[in-house]
């Protein structure tokens with residue numbers, strides 16, 4: 001079989017919970033089930049409802065399992081906070097040197113722009129921030145060590161600063177800071193941050209950048225699966241006619257299995273690849289004896305009752 005770089009997008013786990021259950025706790029239970037069954041999970045992309053939850057129930061819980069959380073930021077989560085090291089600031093969850101130009105500090109959210117051209121221009125501004133960003137190096141015992149934009153090993157730095165004379169030998173097209181020689185600044189050195197330091201806004205790729213877009217928008221596959229599994233005839237009201245969470249979970253499990261089978265077969269067909277033998281394909285044949293679609297009465301329609309006698 002011809003090798004492919006991609007794999008079919010399937011639903012690996014689902015957790016049916018009672019109404020009113022906490023969404024993050026339910027998702028974490030599904031994660032633990034996959035880990036117990038031998039799956040290796042490196043990261044999870046989730047919408048803002050998850051990183052808006054208490055850190056102990058999601059972001060910190062994933063960090064304890066060595067899983068990176070990838071997410072969007074709500075309006076009230078964005079902004080500037082003082083850094084733990086003199087001369088540093090935390091903006092939108094990313095640690096920067098305080099020499100970051102003012103015009104790059106308060107950028108609009110991607111939700112505030114429309115059109116591909118405007119989105120690209122805004123992304124380029126976010127990317128320009130990265131010359132002043134601290135980059136993660138290694139994580140141990142719930143702490144991550146970050147390195148400043150000017151490297152101590154004198155390798156070409158991303159910015160030029162008067163407090164680090166060797167950085168001035170970098171190409172002239174690199175940004176030059178306005179730091180005053182002899183006065184403390186945060187353009188170089190290292191800093192260590194604990195996992196519980198703003199855990200709901202810190203993530204591996206800086207918010208708004210090209211790298212973050214590629215990372216976060218993998219979540220589109222999740223929305224695709226949500227819509228596909230709700231196609232006409234599936235998961236509508238009355239789809240299952242049993243009571244109880246366990247019974248409904250069992251029947252929905254068969255639905256998810258069928259959905260995954262459909263996705264796998266279509267994956268190979270779309271690429272003109274032979275379908276593996278373990279995925280038997282039975283083409284449905286329309287017949288006059290096929291059961292007709294059942295029209296269920298809505299909740300607002302009066303229900304018919306048998307007359308006495």
For the stretch 176-194, enumerate the residues that are in contact (Cβ under 8 Å) with a residue 40 or more places away in the chain, part of a loop (DSSP other than H, G, I, E, B) and either in contact with a strand residue (DSSP E or B) (Cβ under 7 Å, 6 or more places away or on another chain) or exposed (fewer than 15 other Cβ atoms within 10 Å of the Cβ) (or both). 177, 178, 179, 184, 185, 186, 187
Kindly indicate which of 4, 10 is over 18 Å from residue 221 (Cα atoms) and at pLDDT below 95. 4
One residue is enough: does the stretch 131-138 have a residue meeting the conditions at pLDDT below 90, surrounded by fewer than 20 Cβ atoms within 10 Å (Cβ to Cβ), in contact with a helix residue (DSSP H, G or I) (Cβ under 9 Å, 6 or more places away or on another chain) and within 26 Å of residue 216 (Cα to Cα)? no
Does residue 218 fit the bill of being assigned to a helix (DSSP H, G or I), surrounded by 11 or more Cβ atoms within 10 Å (Cβ to Cβ) and touching a strand residue (DSSP E or B) at 6+ places or on another chain (Cβ under 6 Å)? yes
Can you tell me which residues in the stretch 25-36 are farther than 19 Å from residue 195 by Cα and either under 15 Å from the mean Cα position of the chain (by Cα) or in contact (Cβ under 8 Å) with a residue 40 or more places away in the chain (or both)? 27, 31
Go through the stretch 37-81 and count every residue that is in contact with a strand residue (DSSP E or B) (Cβ under 7 Å, 6 or more places away or on another chain), in a helix (DSSP H, G or I) and in contact (Cβ under 8 Å) with a residue 40 or more places away in the chain. 2
Determine which member of the set 113, 155 is surrounded by 14 or more Cβ atoms within 10 Å (Cβ to Cβ), free of Cβ contacts under 8 Å to residues at least 12 places away in the same chain and over 30 Å from residue 60 (Cα atoms). 113
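The values are calculated or read from the model by the stated rules, or taken from the named source; none is laboratory data. This is a predicted model, so every value here is computed, not measured. With ideal geometry, Cβ positions are generated from the backbone for all residues, glycine too; neighbour counts draw on all protein chains shown.
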